[in-house]
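Working notes, structure below.
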Amino acid sequence: MSEFVESIDYETGTSIQTFNIIEAKKNPEGYEVLLELDLESGYALEGVKMNITNEDFVAYETNDIQEVVKYALGFFEQT
């Protein structure tokens, strides 16, 4: 197990290039979504679990799970 590292000591983050929804399971609070993410660094993350609430659908003004995940991950259209 890795030791906790203070985030002020390192630059963090890389951008997500693409994502795929592998599975979406409905639950009373919303959805549990299983994702694969391709990162700008060249790495991929598999089996990433994300919880999307019913309130997220209202906030993003859509009923489309793909759209909600897209917005939640920070993919917004540039205007």
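The values are calculated or read from the model by the stated rules, or taken from the named source; none is laboratory data. Everything numeric in this text was worked out from a predicted model, so none of it was measured. Please note: Cβ atoms are built from the backbone with ideal geometry, for glycine as well, and neighbour counts cover all protein chains shown. For accessibility, only protein heavy atoms count, side chains too; no ligands or nucleic acids. Shrake-Rupley method; radii C 1.70, N 1.55, O 1.52, S 1.80 Å.
Please verify whether Phe57 is open to solvent by less than 50 Å² (accessible area, probe 1.4 Å) and over 13 Å from the mean Cα position of the chain (by Cα), treating the condition exactly as stated. So that I can check it myself, show each step before the final result.
Values: open to solvent by less than 50 Å² (accessible area, probe 1.4 Å): yes; over 13 Å from the mean Cα position of the chain (by Cα): yes.
Criteria met by Phe57.
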Does Asp9 satisfy the criteria of being among the acidic types (Asp, Glu) and at pLDDT 95 or above? no
Restricting to region 21-41, name every residue that is outside any strand (DSSP E or B) and at pLDDT 95 or above. Pro28, Glu29
Odd one out for Gly30, checked against (1) open to solvent by 70 Å² or more (accessible area, probe 1.4 Å); (2) under 17 Å from Glu67 (Cβ atoms); (3) over 13 Å from the mean Cα position of the chain (by Cα); (4) not aliphatic (A, V, I, L, M): (1)
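For region 60-74, what are the residues that are outside any helix (DSSP H, G or I) and either surrounded by 13 or more Cβ atoms within 10 Å (Cβ to Cβ) or in contact with a strand residue (DSSP E or B) (Cβ under 7 Å, 6 or more places away or on another chain) (or both)?
First, the residues of region 60-74 that are outside any helix (DSSP H, G or I): 60-64, 73-74.
Of everything in region 60-74, those that are outside any helix (DSSP H, G or I) and either surrounded by 13 or more Cβ atoms within 10 Å (Cβ to Cβ) or in contact with a strand residue (DSSP E or B) (Cβ under 7 Å, 6 or more places away or on another chain) (or both) turn out to be Tyr60, Thr62, Leu73.
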